[in-house]
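One structure is given here, and the rest of the page talks about it.
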Amino acid sequence: MTGNSGSPTLRAILVPYDSGRRGFRMGRGPEHLLENGLEEALRRARLAVRPVVLELGDAPPLEVAAAFALNKRIAEEARAASGAGESPLVLSGNCNACVGTVAGVGAEGLGILWFDAHADFNTPETTTSGFVDGMGLAIAVGDCWGSMAATIPGFVPVDAANVVLVGARDVQPAEQERLDEAGIGVVAGGPAGDRRWYEGLGAALDGLRTRVARVYVHLDLDVLDPEKVGKANGFAVPGGLTRGELEEALVMIRERFSVAAVGVASYDPGLGEEGAVLETAFSCIAVLEARDPAP
Ligand SMILES: [Mn+2]
């Protein structure tokens, strides 16, 4: 299906919240992307954007309740987008928006490609920060908050064997233990000039392709190197990927999978980065959403 202009349409689902607070910290990211060139950048890639901004309304300031209330709305929007022939593009303050996104597009036969400096694989029993957003991937594979997740329409856990974590370099010991137990593939760090990094990624993607044909691609922008690109958020750590390296990794994904949904999360525009992170987000969306197999 195409938009009025004849271009394929992305439904940009904006979730302008961080820890249940609208416009707080990384909650500023989604609207910052929209107001600073998202539509223009994608128009150049012949993609039309239809933005939808999700609002919580008057609700008590409960982080967990807010996260799941937003995920219900994300699931509804992502499902409606897919039904209308639009590609769901979820721009969110927090990474746990992945839970509603996979519920919306359906976990059956779905893989997750998770780009993040962190694993987001804590549970209420392993976390030492209490930050629900450090549990997003764990919730998506059904490891915790199961009763809350069951309130999201269409939620079914994604098989952990079909998850590949890319770019992680700040993983806590308890998370690493859980990743190992779950059999989640990890392509750690970034290439740093070493082509063997891409071989590892290619092998992980080829393995995944024997099991699934469609993927949700999750981009926590702190997967980017804060020195070489810019500091995406307050949790960014040294190392990671440059813009060119991330784009190359995404092209490898496009060559192998159908992209069911894209999530771009955890961008805090208040850290003074000069726009390189923002431009990288736009170009990565264009690479992933390009309708030609080889962008
Ligand atoms: Mn994350």
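Values computed for the structure shown
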item: Number of positions in the range 161-184 that are among the small types (Gly, Ala, Ser) and surrounded by fewer than 21 Cβ atoms within 10 Å (Cβ to Cβ); result: 4
item: Test result for GLY20, surrounded by 22 or more Cβ atoms within 10 Å (Cβ to Cβ), at positive phi and of a type outside the set (Lys, Arg); result: yes
item: Condition check for ALA138: at pLDDT 95 or above and farther than 19 Å from GLU177 by Cα; result: no
item: Search result, residues across the range 218-260 that are of a type in the set (Gly, Ala, Ser) and away from the ligand (no atom under 16 Å from the Cβ); result: GLY230, GLY244, ALA249, SER258, ALA260
item: Failed item in (1) at pLDDT below 95; (2) closer than 23 Å to GLY93 by Cβ, with TYR216 passing the rest; result: (1)
item: Any hit, the range 56-64, residues being out of contact with any Cys (no Cβ under 8 Å at 6 or more places or on another chain), farther than 18 Å from PRO269 by Cα and in contact (Cβ under 8 Å) with a residue 60 or more places away in the chain; result: yes
item: Residue within the range 43-56 that is within 16 Å of the ligand (Cβ to nearest atom) and either surrounded by 15 or more Cβ atoms within 10 Å (Cβ to Cβ) or part of a strand (DSSP E or B) (or both) present; result: no
item: Scan of the range 202-213 for residues that are more than 16 Å from VAL166 (Cα to Cα) and either touching a Gly at 6+ places or on another chain (Cβ under 8 Å) or at pLDDT below 95 (or both), ordered by number; result: ARG211, VAL212, ALA213
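The values are calculated or read from the model by the stated rules, or taken from the named source; none is laboratory data. In this text, all values refer to a predicted model and were calculated from it rather than measured experimentally. Every residue, glycine as well, gets a Cβ built from its backbone with ideal geometry; the counts of neighbours run over all protein chains shown.
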